[in-house]
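Derivation of every value follows stated rules applied to the coordinates shown; laboratory data play no part. Predicted, not measured: the structure shown is a model, and the values here were computed from it. FYI the Cβ positions are ideal-geometry reconstructions off the backbone, even for glycines, and counts take in every protein chain you see.
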Amino acid sequence: MEVPVVAKQATAEKRQRRERGSINPDDIIKGAFELAEEVGIDNLSMPLLGKHLGVGVTSIYWYFRKKDDLLNAMTDRALRRYV
């Protein structure tokens, strides 16, 4: 019995990824603010942020070990901006 081969169709565009080493903490914080505005701070996640920025989640964890570290950096940035 032969199994028909079905060509896999691309349902979404292949997302663009940044070059290795092209992300820095400032880019991550800025992207986190953008994403939080779209999805809400409670729904902000490291994997979702990685997709938003076009980087692997490990690139984000390189600078921010956990979400709380990122949130603290965002708070510091906001306080410096408005104080």
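Listed by first and then second residue, the pairs with beta-carbon distance under 7 Å, at least 6 apart or on different chains, first residue in the stretch 28-50 and within 11 Å of Met74 (Cβ to Cβ), second among the aromatic types (Phe, Trp, Tyr) and outside any helix (DSSP H, G or I), are Ile28/Phe64. Just give me the residues in the stretch 43-83 being closer than 14 Å to Lys30 by Cα and of a type in the set (Phe, Trp, Tyr), in sequence order. Matches in the stretch 43-83: Tyr63, Phe64. Listed by first and then second residue, the pairs linking a residue in the stretch 62-83 that is closer than 12 Å to Met46 by Cα to a residue that is polar (S, T, N, Q) and assigned to a loop (DSSP other than H, G, I, E, B), with Cβ atoms under 7 Å apart and 6 or more places separating them unless they lie on different chains, form an empty list. Entry remark, the stretch 32-49: residues being in a helix (DSSP H, G or I) and closer than 17 Å to Lys66 by Cβ number 10 in total.
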